[in-house]
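Note sheet for the following structure.
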Amino acid sequence: MGGIVLSGLYLLALIPLTPSLVGNHPVWLELLKGSISGMITMGAKARVGEGSLVVAALAAIPGLMWFDWLYWWAGARWGRRAIDVFIGSHPKAAARTEKLERILHRFGWLAVVIAYFQPIPNALIYAAAGWTKMRLIPFLLLDLLGSLLWIALCVGLGYAIGQRAVDIAHAVSRYALYFTILLVVGVFARQYFTARRR
């Protein structure tokens, strides 16, 4: 549980860095968090001769897979209770758990491969894989395959867009300070209004 909490804090801490990294150092953005914007920018840079498709693809793998094993482990250790922890006490929690169970029974290993391409949060799919007794090595191999498919889509999109994506990334970096301030204010405002509503 501590590792899962730390992974969430790690990703939150990277939010303010995203706007400045996307134009200047997209490969670091890929490595640190498997960012979609980083992958698209790297694909676009490869198209205009400022980067490599191989680097764009390989750099995103660690960022996408850093914490997946933690969710698998939670499912393996706690079973169905892990799903309840992640879903929480939402009114539709029971229905969502049943839906997840149906998906895993119907698709099995394929659910891990297509985790990025469906609406259920990846953490739930990975925890459910552990809960349904999928072994760690097969899980990691399937996770790698799914990550590579997602990387191919994002990097390929950037490659198809080309120079326009690079220009947008540079513009975002130029105004990174303003984006960061806006992002931090937005996060705090959302938390404030959510707490007030409760």
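Just need a number here: residues in segment 35-61 that are free of Cβ contacts under 8 Å to residues at least 40 places away in the same chain and within 16 Å of the chain's Cα centre (by Cα). Steps first, please.
Initially, segment 35-61 is screened for residues free of Cβ contacts under 8 Å to residues at least 40 places away in the same chain, giving 35, 38, 49, 51-52, 54-55, 58-59.
Within this subset, residues satisfying the condition of being within 16 Å of the chain's Cα centre (by Cα) are 35, 38, 58-59.
Going through segment 35-61 one residue at a time, the tally reaches 4.
Yes or no: K33 among the basic types (K, R) and closer than 25 Å to L153 by Cα? Reasoning before the result, please.
On the way: among the basic types (K, R): yes; closer than 25 Å to L153 by Cα: yes.
Yes, satisfied.
So I120 fits all but one of (1) β-branched (V, I, T); (2) crowded, with 20+ Cβ neighbours inside 10 Å; (3) touching a Lys or Arg at 6+ places or on another chain (Cβ under 8 Å); what number is the exception?
(2)
Taking the options L64, L29, name whichever one is farther than 16 Å from Y116 by Cβ, within 14 Å of the chain's Cα centre (by Cα) and in a helix (DSSP H, G or I).
Details: L64 fails: farther than 16 Å from Y116 by Cβ.
Among L64, L29, only L29 is farther than 16 Å from Y116 by Cβ, within 14 Å of the chain's Cα centre (by Cα) and in a helix (DSSP H, G or I).
Cβ-Cβ below 8 Å, separation at least six or inter-chain, first residue in segment 98-123 and among the basic types (K, R), second surrounded by 14 or more Cβ atoms within 10 Å (Cβ to Cβ) and in a helix (DSSP H, G or I): which pairs?
So the pair list comes out empty.
If you check A94 against the conditions, is it buried (at least 21 other Cβ atoms within 10 Å of the Cβ) and either of a type outside the set (D, E, K, R) or farther than 25 Å from R164 by Cα (or both)? Give the derivation first.
On the way: buried (at least 21 other Cβ atoms within 10 Å of the Cβ): no; either of a type outside the set (D, E, K, R) or farther than 25 Å from R164 by Cα (or both): yes.
No: the conditions fail for A94.
Taking P119 as meeting all but one of (1) closer than 26 Å to L145 by Cβ; (2) in the same structural domain as V155 (by TED's automatic domain parsing); (3) assigned to a loop (DSSP other than H, G, I, E, B), write down the number of the exception.
The single condition P119 does not satisfy is (2).
If you take the residues of segment 17-26 that are part of a helix (DSSP H, G or I) and either surrounded by fewer than 19 Cβ atoms within 10 Å (Cβ to Cβ) or outside the structural domain of G162 (by TED's automatic domain parsing) (or both), which of them is farthest from the chain's Cα centre (by Cα)? Write out each step before concluding.
In the first step, residues of segment 17-26 are kept if they are part of a helix (DSSP H, G or I); the result is 17-24, 26.
Restricting the remaining residues to those that are either surrounded by fewer than 19 Cβ atoms within 10 Å (Cβ to Cβ) or outside the structural domain of G162 (by TED's automatic domain parsing) (or both) gives 17, 20, 24.
Working: L17: 16, S20: 19, N24: 21 Å.
Residue satisfying both the conditions and the ranking: N24.
Which of the numbered conditions does L12 fail, given that it passes all the others? Conditions: (1) crowded, with 19+ Cβ neighbours inside 10 Å; (2) under 15 Å from the mean Cα position of the chain (by Cα); (3) more than 17 Å from L157 (Cβ to Cβ).
All conditions pass for L12, except number (1).
Can you work out which of the residues in segment 133-164 that are at pLDDT below 90 and in contact with a Phe, Trp or Tyr (Cβ under 9 Å, 6 or more places away or on another chain) is surrounded by the fewest Cβ atoms within 10 Å (Cβ to Cβ)? Quick ask: steps written out before the conclusion?
The initial filter retains those residues of segment 133-164 that are at pLDDT below 90, namely 133-134, 153-164.
Keeping just the survivors that are in contact with a Phe, Trp or Tyr (Cβ under 9 Å, 6 or more places away or on another chain) gives 134, 153.
Values: M134: 21, L153: 15.
Applying the filter and picking the extreme gives L153.
Could you tell me which numbered condition S89 fails, if it satisfies all but one of (1) assigned to a helix (DSSP H, G or I); (2) modelled with pLDDT under 85?
So the condition that S89 fails would be (1).
The values are calculated or read from the model by the stated rules, or taken from the named source; none is laboratory data. All values reported here derive from a predicted model rather than from experimental measurement. For neighbour counting, all protein chains shown are included, and Cβ atoms are generated from backbone atoms with ideal geometry for every residue, glycine included.
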